[in-house]
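To keep things clear, I will list the structure first and then write my remarks on it.
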Amino acid sequence: MTMSGRSIAAVIAVAGSLCVGACSAGSTPSSSSSVKVLLQKASAEARAHQYSRASADLTAVLRREPNNVYALFDRALLAQKEGRVAVALAGYDVLLHQEPTYAPALFNSALIYSETDPSRAMDLYREIIRLRKTAPLSYLNLGLLEEKAGRRVQASADLQIALQQQPALRSRLTKAQQRLVATTKGAPKTSSSP
């Protein structure tokens, strides 16, 4: 089964709501007050779907602070929301070169690769899980990709962990996927994925 456009959009919406507001509202400890104001302004513009204005403000932040994690992330996220996936991936790559364990950038990269390079996406989800043992959306997406690849045992185990960590995710599964999860009751509490 492929992830539907609706499922992908819902996950991007979740990622966006977690990061455009939360990530931009902060700043690096050394940020000036003008950078903080620009980040807050960009966040408000992004929430209002004024992406070009938000992008311009984030670019202004990056002129002043080229390594500002929040501006790098939010600019890539805006590109992703606009469907400019190559630009988004390039932005996440720049950020991950600077901060290799930045889970939101790993997650959003994995979302993009889910459509174009599922093996790469699965590796990224596994990296997030390694970094954060509580990562229900990563387990969910990993399990869905494993199911699509025919790795039913691994998919079942990872989907079960996702539901243990966040039971509300059950509503995102098809009936067939819910039956798959039910086949591994009592499975180990960690991913069986390599």
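The values are calculated or read from the model by the stated rules, or taken from the named source; none is laboratory data. Remember, predicted model here, so these are calculated numbers, not experimental data. Counting neighbours? That spans all protein chains shown, and the Cβs are built from the backbone with ideal geometry, glycine included. Calculation scope for accessible area: heavy atoms of the full protein, side chains included, ligands and nucleic acids excluded. Shrake-Rupley method; radii C 1.70, N 1.55, O 1.52, S 1.80 Å.
Scanning segment 72-87 for residues being surrounded by fewer than 16 Cβ atoms within 10 Å (Cβ to Cβ) and in contact with a Phe, Trp or Tyr (Cβ under 8 Å, 6 or more places away or on another chain) gives a total of 1. Being surrounded by fewer than 17 Cβ atoms within 10 Å (Cβ to Cβ) and among the small types (G, A, S) is the filter here, so list the residues in segment 45-57 that pass it. Once the filter is applied, which keeps residues that are surrounded by fewer than 17 Cβ atoms within 10 Å (Cβ to Cβ) and among the small types (G, A, S), segment 45-57 yields A48, S52, A56. Close Cβ contacts (under 7 Å, 6 or more residues apart or on different chains) running from residues in segment 147-176 that are free of Cβ contacts under 8 Å to residues at least 12 places away in the same chain to residues that are part of a helix (DSSP H, G or I) and of a type in the set (A, V, I, L, M) comprise R170/L163.
Residues checked against (1) over 30 Å from G83 (Cβ atoms); (2) among the charged types (D, E, K, R); (3) modelled with pLDDT of 95 or more:
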{"position": "N108", "(1), (2), (3)": "no, no, yes"}
{"position": "R120", "(1), (2), (3)": "no, yes, yes"}
{"position": "E127", "(1), (2), (3)": "no, yes, yes"}
{"position": "A135", "(1), (2), (3)": "no, no, yes"}
{"position": "S171", "(1), (2), (3)": "no, no, no"}
{"position": "A182", "(1), (2), (3)": "yes, no, no"}
{"position": "A187", "(1), (2), (3)": "yes, no, no"}
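Taking A60, is it open to solvent by less than 10 Å² (accessible area, probe 1.4 Å), of a type in the set (A, V, I, L, M) and closer than 29 Å to A42 by Cα? Here the answer is no, as A60 does not meet what is asked. Please pick out the residue among A90, A110, A42 that is buried (at least 23 other Cβ atoms within 10 Å of the Cβ) and farther than 28 Å from Q164 by Cβ. From the options A90, A110, A42, the qualifying one is A42.
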